[in-house]
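Report on the structure given below.
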Amino acid sequence: MPHLFNRLSCPAYKLRPGSRARTNQMGRMNRFDMATGVGMKRGRDTVEKSVFEIGGIVGRYVESVSRYWLETAPLSNPGMLEMLRDRDAEPPRDLVPWAGEFPGKYLTAATQTLVLTGEKRLRRVLERFVAEFVSCQAEDGYLGPWPRAFRLVNRMEYPDGRTIQTWDTWGHYHAMLGLLVWHQHTGDPAALNAARRIGDALVSKFAPDVSPRMAETGCTEMNLAPAHSLALLYKVTKEKAYLELAQRIVEKEFRASGPDGAPLAGDYLRAGLEGLEFYEIPRPRWESLHPVMALAELYTVTGDRRYLSAFCQHWNSIRRLDRHNNGGFSSGEQAQGNPYDMRDIETCCTVAWMAMTVEYLKLTGESCAADELELSLFNSVIGQHSRSGRWATYSTPMNGVRRASYHHIVFQSREGSPELNCCSVNSPRGFGLLSEWAILPRGNGLAINFYGPCRIQTRIPNGISVELVQTTDYPLSGVVKIAVNPSRPAHWSLSARIPCWSSGTRVTINGKPVRRPSPGRYLTLRRCWKRGDTIEITLDMSLHAWPGAEECEGKASLFRGPILLAYDRRFNRTASAPPRLSAESLLSARQADTREYWLKPFLLLETSSEDGRTVKLCDFGSAGEGGTPYFSWLPVSEAEKIRPSPFAPSELDAVVIRLARLSKLFPKFSQLACSIPSNDPVAAQRWLIERILALPDALKAYDSGWQLARSQTDFDAAAQLRRRLHLLMLTGLLQDRYVCELRRKLEAVCSESSCAQRIIWEVEAGPLYPRCDDIRAAQPPGPDVEFRRIPFDPSTELADIRQIHGGRDGFVFVKARLNMPGRSAGKLLYGADGPVKVWINGSEADCRPEARNPARIGQYEAPAGWMDGANTVIFGINTNEGRAWGVVARAIAGNGQ
């Protein structure tokens with residue numbers, strides 16, 4: 001047999017008659033035709049053929065990612081397929097629970113990228129990859145990496161006694177999705193047949209009278225995702241069994257509960273229909289976006305508006321409360337109801353958000369969705385990737401550094417697949433999705449969503465071929481010239497997206513001005529279009545600002561068009577952190593000369609700080625690519641003088657964000673904060689104040705005197721409440737005597753305690769031991785346990801054990817050392833991602849068998865007899881079936897410090 005990817009011996013895949021490959025007449029490359037998507041209403045699944053040539057910064061990144069990662073990934077990581085071939089070998093491979101997703105994620109991302117490039121080399125690689133992938137399918141349709149006894153049961157038992165929950169049906173979801181996308185663009189019947197065989201296996205395994213139900217197999221955010229791919233498969237095959245299973249998952253499995261009444265899944269349909277915010281649902285992790293997308297597909301095939309309403313509620317909730325300033329989604333891998341949360345923003349989360357947003361755009365035709373996609377593309381997606389295309393990040397935070405995913409989450413690496421992890425195979429899809437939203441059918445014509453140097457050949461619904469050529473350096477400048485070249489003159493509508501941030505847009509056709517368009521909407525141009533017609537769009541590229549709140553209070557994010565600006569030490573050698581900037585100097589900022597930099601940023605602006613120093617701000621996509629720290633939340637004086645950014649939460653959303661934070665600070669408060677009774681921000685603020693005054697955990701009735709439990713959690717809460725009350729000055733509500741009294745007493749509490757945090761300065765961990773079945777019986781480590789240093793992030797206070805367990809179930813000791821300024825009877829505030837036991841200076845201090853993800857400071861309190869000088873804290877933690885990130889901890893001295 002020839003080598004798997006030997007290009008000399010790889011026979012060209014023979015497309016069946018009528019397939020969609022053809023020679024591109026706009027250049028020498030052979031390109032694939034592209035289905036731009038479903039229609040916006042039930043029954044209109046119009047497919048328009050498009051061919052792309054993308055230039056500019058996006059085109060350069062797409063070319064690099066295609067050539068230096070997608071074309072090489074299978075050869076560099078043959079374990080991606082070999083783990084499927086030897087799944088029944090002994091001993092079994094020691095895999096991460098989600099390993100089965102890797103081939104499908106890679107295929108989806110690579111195929112969508114191929115649509116943009118038409119690159120022959122990538123096409124040959126994918127033809128052979130698909131052929132080998134399909135050949136790994138078992139006779140029963142199984143296409144995963146787990147042994148026969150554990151197929152589609154979402155569990156694996158190893159010979160050494162370990163048992164882990166696997167994401168097997170999740171892996172098959174991604175396999176189906178990749179195969180269907182490949183079939184859509186090539187007509188490959190083998191790919192469709194393999195997808196059907198997976199669908200048949202799922203229908204058989206999870207028949208109505210078969211136990212266990214899919215929701216009972218665990219990890220439901222992931223393992224219920226086949227509802228989406230089954231709906232897609234039904235649209236292609238019209239096989240009712242696939243639709244019936246998809247609907248049964250949505251109608252029954254989504255709302256399944258266990259014997260104790262606790263929800264087993266995300267309850268996505270009911271929660272959406274009841275208007276719950278996404279962070280409030282039972283399963284707010286990012287993987288839930290994939291089963292949620294089943295709602296969109298089921299609406300297109302059934303017309304049931306419940307599906308549409310629930311899907312739109314979830315999308316809007318994430319956009320309002322959990323989409324960050326860089327267009328990324330998630331904080332610590334899930335929704336938090338707080339776009340200011342500074343935790344990791346995972347690449348996979350942002351890609352899922354973009355895929356969901358493409359669905360929303362196709363369903364509703366609302367241009368705000370295209371604005372969101374553009375924000376994510378030019379900031380998060382470019383920021384996730386190295387300029388070479390060789391690597392992508394696991395996390396691309398708002399402030400921080402950029403680290404390659406195979407460094408950050410190296411625990412996912414295995415023999416034969418050193419570069420594979422959930423993000424490396426998925427990140428190119430952020431670019432590839434552009435093929436799904438750049439241009440879409442709208443009415444009897446087209447909607448242009450993407451601006452940038454490009455040439456797109458497509459068709460309008462009446463069959464006329466149209467070439468659209470954009471000449472522009474956007475988003476460096478705001479001038480976009482679009483040449484419209486139909487194959488023959490005809491009357492039809494061309495809708496141009498007017499971004500929500502462009503308040504002074506000007507548009508001309510053949511030099512003649514048209515009416516001034518409204519921002520955040522499409523400008524529909526109806527006329528008889530003929531070859532040579534030219535549209536010129538001039539967008540308002542002046543700065544707009546998003547004032548920070550919560551963790552980012554006192555700072556602001558600055559945007560120039562869709563580009564988020566960032567402070568990078570690489571361009572500012574005089575200071576590592578950004579100095580205070582003034583709105584006045586920012587409004588007069590000019591583009592800086594980049595010739596001195598060998599690694600040039602896409603955009604570089606020059607301004608000055610309040611103390612007169614020169615400050616340079618670059619585009620977020622270029623920030624940190626040299627390994628230096630960067631900041632996108634900047635100290636700006638009088639930020640209100642800069643026009644407000646439409647990407648920022650509304651006043652009412654700001655109230656919801658505060659409620660989300662209060663719910664986490666005071667668990668009992670979440671019962672009160674389930675809804676806001678008014679659309680009036682002022683009334684909502686007053687309602688918030690009333691709830692604050694009623695907090696049973698911290699604030700007592702005023703007529704019985706002020707009492708506040710003296711704990712670090714309460715001091716943190718007091719500081720948060722004080723900041724919120726400061727913001728209420730804008731509403732004039734501080735004239736209320738109760739609010740004034742509350743603010744005065746909060747000031748007293750915050751000044752009374754310096755709350756000096758004793759940061760743990762050295763963290764080590766032992767090896768992975770078998771799981772401790774009863775954490776209460778765990779004993780402290782003996783002298784033979786070999787500890788080694790592990791990552792500890794002072795900003796999040798997380799001791800990261802993922803490199804120790806590598807996604808496996810087990811038990812780990814974590815040892816932390818810290819210095820205290822004297823003897824005291826203090827406290828340890830901590831949180832853990834799995835069942836945990838704690839020893840302080842050799843004595844048992846606390847045990848929490850109920851601990852689960854996500855860990856947070858103040859989740860648990862343990863009394864601590866601190867010694868003067870060196871102290872040792874040891875945590876014994878079960879890895880929660882390989883999902884535990886670790887423990888977070890903070891030491892508090894007995895005097896409140």
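Placing a pseudo-label 7 Å from each Cα along the Cα-to-Cβ vector at residue 72 and residue 274 gives an inter-label distance of 5.1 nm. When all alpha carbon pairs of the stretch 166-256 are counted in 5 Å bins from zero, the resulting P(r) reads 3, 16, 27, 27, 16, 8, 3, 1 %.
Using the Cβ of residue 242 as centre and a radius below 14 Å, the other residues enclosed give a net charge of +3, where K and R count +1 and D and E count -1.
Here the ratio of the Cα radius of gyration of the stretch 21-435 to 2.2 N^0.38 Å is 0.91.
The average projected area of the stretch 783-854, computed from the convex hull of its Cα atoms over all directions, is 6.3 nm². Using alpha carbon centroids, what distance separates the stretch 584-638 and the stretch 478-535, in Å? If we compute the Cα centre of each part, the gap is 33 Å. Available extension along the chain between residue 237 and residue 193 is 14.8 nm, counting 0.36 nm per residue and deducting the alpha carbon span. A Stokes-Einstein calculation at 25 °C with viscosity 0.890 mPa s, built on the Kirkwood radius of the stretch 270-389 over Cα pairs, returns a diffusion coefficient of 171 µm²/s. Here, the stretch 58-132 yields an orientationally averaged convex hull projection of 5.4 nm² when only Cα atoms define the hull. Ordering of 834-840, 479-485, 348-354, 546-552 by packing is 348-354, 834-840, 546-552, 479-485, highest average first (other Cβ atoms within 10 Å, averaged per residue).
Subtracting the Cα-Cα distance from 0.36 nm times the residue separation, let me have the gained length for residue 512 to residue 526 in nm, one decimal. Full-extension gain reported as 3.6 nm.
Protection proxy ranking, highest mean first, for peptides 877-888, 97-108: 97-108, 877-888, where packing is the per-residue count of other beta-carbon atoms within 10 Å, averaged.
If each Cα of the stretch 543-641 is one equal point scatterer, what is log10 of I(q)/I(0) from the Debye formula at q = 0.10, 0.18, 0.21, 0.23 Å⁻¹? Taken in order of the listed q values, log10 I(q)/I(0) reads -0.23, -0.77, -1.07, -1.31. Pairs of alpha carbons in the stretch 762-892 separated by more than 16 Å make up 58% of all such pairs. Percent of C-alpha pairs per 5 Å bin in the stretch 441-534, short distances first: 3, 13, 24, 28, 20, 9, 2, 0.
Counted by Cβ distance under 12 Å from residue 583, the other residues give a net charge of -1, where Lys and Arg count +1 and Asp and Glu count -1. Take 302-313, 624-635 and order them by the average number of nearby Cβ atoms within 10 Å per residue, most first; the result is 624-635, 302-313. For the stretch 223-339, the mean projected area of the C-alpha convex hull, equal to one quarter of the hull surface, is 7.6 nm².
Using only the Cα atoms of the stretch 209-285, build the gyration tensor, take square roots of its eigenvalues as a ≥ b ≥ c, and label the shape rounded, prolate or oblate: rounded if a/c is under 1.5, else prolate if a/b is larger than b/c, else oblate. Because a/c hits 1.5 or more and a/b fails to exceed b/c, the stretch 209-285 counts as oblate.
Structure note, pairs 555/815; 481/600; 252/362: Cα-Cα distances above 29 angstrom occur for 555/815. Summing charges over all other residues whose Cβ lies under 15 Å from the Cβ of residue 143, with Lys and Arg as +1 and Asp and Glu as -1, gives -1. Counting 0.36 nm for each residue step from residue 784 to residue 651 and taking away their Cα separation leaves a gain of 42.1 nm.
Every number here is computed from the coordinates shown, using simple stated rules; none is lab data. This one's a predicted model, so the numbers in the text were calculated from it and none came from an experiment. Cβ coordinates were reconstructed from backbone atoms using ideal geometry, including for glycine residues, and neighbour counts include every protein chain displayed.
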